[in-house]
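Chemist: My structure is below; once you've seen it, I'll send some questions.
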Amino acid sequence: MLKQLILVGIGGSVGSMLRYLVSILTARYVHTTFPLPTLLVNLGGCFLIGLLAGLFSHSAYANTNLRLLFITGFCGGYTTFSAFAHENLLLIQNQQVFTAVAYTLLSVIFGVALVWAGIWIVRG
């Protein structure tokens, strides 16, 4: 268990640092009020988790430690949106479309509402 936690921690640390670097570099070279760094990270993370999930689905690459390092750790640290998108795709592939739609709506609506609530509580 400790080895797995360390793998997730290493991957998550690198992913978080890369997310921060993308934000800094994007802000340096692109001047806009649109949240481009977050969009780039989220979309890039979705593409990357798709590549990794596809790669690790082949028995030759089905290594639990690598999944923990790259999917759970790196992609989780880089963006949790990639995990959210992957989970929705799995639900759809398993013919659980209603659950996928409910998960998406609940995540977006309650996520935004809870951010607002947290800010509102602190500002009092």
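Chemist: Ranked from highest to lowest mean number of other Cβ atoms within 10 Å per residue, what is the order of the peptides 91-100, 112-121, 23-32?
Modeler: Descending packing order for the listed peptides: 91-100, 23-32, 112-121.
Chemist: Can you compute the modelled spin-label distance between residue 101 and residue 36, with each label point 7 Å from Cα toward Cβ, in nm?
Modeler: Output for this residue pair reads 3.6 nm.
Chemist: Per DSSP H run of at least 4 residues, take -39500 (n - 2.57); add these up for the chain, divide by its residues and hand me the 222 nm value, nearest 500 deg cm²/dmol.
Modeler: Computed mean residue ellipticity for the chain: -26000 deg cm²/dmol.
Chemist: Once the principal axes of the Cα atoms of the chain are found, what is the range along each, listed largest first in whole angstroms?
Modeler: So the three principal-axis extents are 51, 39, 30 Å.
Chemist: Where does the charge balance sit around residue 75 when Lys and Arg score +1, Asp and Glu -1, over other residues with C-beta under 15 Å from its C-beta?
Modeler: Once all neighbours under 15 Å are counted, the net charge is +1.
No value in this document is a laboratory result; all are computed from the given coordinates. Quick caveat, the model's predicted, so the values are computed rather than measured. Methodologically, a virtual Cβ is constructed for each residue, glycine included, from the backbone with ideal geometry; neighbour enumeration extends over all protein chains shown.
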